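I have placed the structure first, in the form of structure tokens, so that the comments after it can refer back to it.
The values are calculated or read from the model by the stated rules, or taken from the named source; none is laboratory data. Predicted model only: the values in this text are computed from it and were never measured. Glycine gets a Cβ as well: all are built from the backbone with ideal geometry, and neighbour counts include every protein chain shown. Heavy atoms of the whole protein, side chains included, go into the accessibility calculation; ligands, DNA and RNA do not. Shrake-Rupley method; radii C 1.70, N 1.55, O 1.52, S 1.80 Å.
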Amino acid sequence: MSAPPKTVLVATPEEETAIRQAVRTAQPGSPDSVLAGPEHVPGLVTLLSDPAVSGPIYDLPRPINAETVGAWVAEAQALRQKGEAILFVSLDPAGEVAGYSRFSVWPDRSSAEIVGGRRADLQSRGQGSSGAARSFGWMFEALGVRLVGLTAALDNVRSARVIEAAGFVRMGERDSVRPDGTIRRSLYWEMTRDQWRALHGT
């Protein structure tokens, strides 16, 4: 289960309200992405059934099947209406699910997290850093949060490289809780919106 960043920010009531509304109305930051719905469940099951995609990700439903993934999509839709989560899927030119991004948002703390995965045949093409940077910037600017926290498995070198290339500050490790209650030790990073803008000129 996603957990808010270690650093605790306190949003004003006005800021919290604005973030919740931004989450409810947010549109994808990438032209190949759409809001996930029931029609994407079969494609997500295919995507996430590949250990190369789902293996490093701690907060996916297990086992991965139509029932659990369908409930996961429905949960994300309900949380979006509360202003607390968004689930996007990316589609390839054939319209098949090629990846996903799930944003968890804590409006009262002006904070967010992103977790995602991409189809194995589309990984290691040199597009990970640019796509991740686009998502990070979108979180700060479209959702209006002031802090983003990220985790990665201790052995997930590829994600760590992408996160650090974007300028996130390594802040040690934390325990990530899987849906079944078991613990995964994770690497942990944070970045503020001011830091992002200073680094990326936005």
Provide the solvent-accessible area of L91, counting protein heavy atoms only and rolling a 1.4 Å probe, rounded to the nearest 10 Å². 50
Need one number: nm distance between label points at A94 and L199, each 7 Å from Cα along Cα→Cβ, rounded to one decimal. 3.6
Using only the Cα atoms of segment 83-197, build the gyration tensor, take square roots of its eigenvalues as a ≥ b ≥ c, and label the shape rounded, prolate or oblate: rounded if a/c is under 1.5, else prolate if a/b is larger than b/c, else oblate. rounded
Roughly how many whole Å is it from the C-alpha centroid of segment 160-202 to that of segment 28-107? 20
Among W72, W106, what's the order by accessible area (1.4 angstrom probe), most exposed first? W106, W72
Tell me the carbon and sulfur percent of the accessible area for the chain, rounded to whole percent, probe radius 1.4 Å. 55
Which one of L9, L199, N65 is farthest out on the positive end of the charge dipole of the chain, using unit charges on Cβ (Lys, Arg +1; Asp, Glu -1) and the Cα centre as origin? L199
Which one of P93, P51, P61 has the biggest mean-square fluctuation once the chain is modelled by GNM with Cα springs under 10 Å? P93
Indicate the gyration tensor shape class of the chain (rounded, prolate or oblate), computed on the Cα atoms with a ≥ b ≥ c the square roots of the eigenvalues: a/c under 1.5 is rounded; otherwise a/b larger than b/c is prolate and the rest oblate. rounded
About its Cα centre, how strong a charge dipole does the chain have in debye, to the nearest 20, once Lys and Arg get +1 and Asp and Glu get -1 at the Cβ? 380
